[in-house]
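These notes are about the structure you will find just below.
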């Protein structure tokens with residue numbers, strides 16, 4: 001099943017609010033979602049404009065969910081994933097540093 005992280009619209013006329021949610025790729029824009037990850041409130045103050053559960057967002061990315069272009073732009077604009085760069089467990093390249101990896105020659 002292809003899974004996407006995208007926005008679904010809520011709110012009233014001329015006052016939109018958006019949910020950041022995980023959808024099956026075949027679901028329509030405002031259809032049923034698998035999990036709600038956060039909110040985007042464009043009319044709020046900048047510090048309250050974008051809320052996201054980063055732990056669940058990273059989980060869905062790790063299982064193969066793809067963010068939509070709109071969600072990508074929101075993340076880059078809000079700098080929500082800067083914490084990911086300071087993650088205590090950095091990714092290793094290839095098998096270097098792994099116990100079963102190739103031994104380094106001295």
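The values are calculated or read from the model by the stated rules, or taken from the named source; none is laboratory data. Just so it is clear, the model here is predicted, and its values are computed rather than measured. Don't worry about glycine lacking a Cβ; one is built from the backbone with ideal geometry, like all the others, and counts go over all protein chains shown.
The table below gives the values:
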read-out: Those helices (runs of 4 or more DSSP H) lying entirely in segment 43-106 with at least 1 residues at pLDDT 90 or above; value: 54-62, 69-78
read-out: Qualifying positions in segment 8-18 - assigned to a strand (DSSP E or B) and either buried (at least 17 other Cβ atoms within 10 Å of the Cβ) or on the phi > 0 side of the Ramachandran plot (or both); value: 8, 11, 18
read-out: Residue count for segment 19-31, restricted to those that are surrounded by 15 or more Cβ atoms within 10 Å (Cβ to Cβ) and either touching a helix residue (DSSP H, G or I) at 6+ places or on another chain (Cβ under 6 Å) or in a strand (DSSP E or B) (or both); value: 5
